[in-house]
Amino acid sequence: MKHEKGYLIALSGAVLTLLWIGVFKFTPTEAEAIRPLVESHPLMNWLFAILSVQGVSNLIGIVEIIVAIGMVIGIWKPRIGYWSGLAATVIFLTTLSFLLTLSGVWKVVDGVPITEFFIFKDLVFLGIAWLSVERCRQYL
């Protein structure tokens with residue numbers, strides 16, 4: 001499968017971010033940090049009925065790590081890359097949806113609406129994930 005250097009650089013950024021954040025999910029600090037995000041999300045809040053705060057965070061971390069590894073393997077195995085790209089698309093869409101589900105995420109400062117800008121990085125990662133799906137689909 002032929003890949004452009006720019007795509008591989010972008011993919012490495014998405015993969016490293018998923019790995020890094022995925023590993024961080026195993027810490028109590030990150031588990032507590034994502035708690036309000038998961039609690040406020042209508043498609044995720046049910047997780048706390050069956051798992052602890054740390055358990056939910058660990059589960060999310062495991063998924064992020066597996067997806068990141070799958071995206072790397074997808075460079076050589078398009079079928080794995082396709083499914084990993086779809087999973088990454090779901091991850092990044094979910095993260096971006098926190099902008100709509102978390103109360104108080106938007107604030108007005110000096111008349112300008114602002115939010116937690118770190119979430120916007122996932123818009124770029126969403127594009128990379130979808131590009132991965134499109135590139136791998138042609139080889140299935």
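Read-outs: derived from the displayed coordinates by stated rules, not from any lab. In this text the structure is predicted, and so the values were computed from the model without any measurement. Don't worry about glycine lacking a Cβ; one is built from the backbone with ideal geometry, like all the others, and counts go over all protein chains shown.
Counted by Cβ distance under 12 Å from LEU11, the other residues give a net charge of +1, where Lys and Arg count +1 and Asp and Glu count -1.
Most fluctuating residue of ILE50, ILE66, ILE21 in a GNM of the chain with Cα springs under 10 Å: which is it? Greatest mean-square fluctuation among the candidates belongs to ILE50. Against the chain, whose longest principal axis comes from its Cα atoms, helix 53-73 is set at around 20 degrees.
For the stretch 68-140, the square roots a ≥ b ≥ c of the C-alpha gyration tensor eigenvalues yield an a/c of 1.5 or more together with a/b exceeding b/c, which makes the shape prolate. Under 8 Å for C-alpha pairs, at least 6 residues apart: give me the relative contact order for the chain, rounded to a whole percent. It comes to 27 percent, rounded to a whole number. Shown here for the stretch 47-103: chymotrypsin sites (Phe, Trp or Tyr not before Pro) in loop regions (DSSP other than H, G, I, E, B) with at most 10 other Cβ atoms within 10 Å, namely TRP76.
By the count of neighbouring beta-carbon atoms within 10 Å, fewest first, LYS25, LYS107, LYS5 end up ordered LYS5, LYS107, LYS25.
When GLU30, GLU134, GLU39, GLU64 are sorted by how many other C-beta atoms sit within 10 angstrom of their C-beta, beginning with the fewest, the order is GLU134, GLU39, GLU30, GLU64.
From least to most packed, judged by other beta carbons within 10 angstrom and beginning with the fewest, ARG35, ARG135 follow the order ARG35, ARG135. For the options GLY13, GLY127, GLY104, a Gaussian network treatment of the chain with springs between C-alpha atoms closer than 10 Å singles out GLY104 as fluctuating the most. Fully extending the segment from ARG137 to GLU32, taken as 0.36 nm per residue of separation minus the present Cα-Cα distance, adds 34.0 nm.
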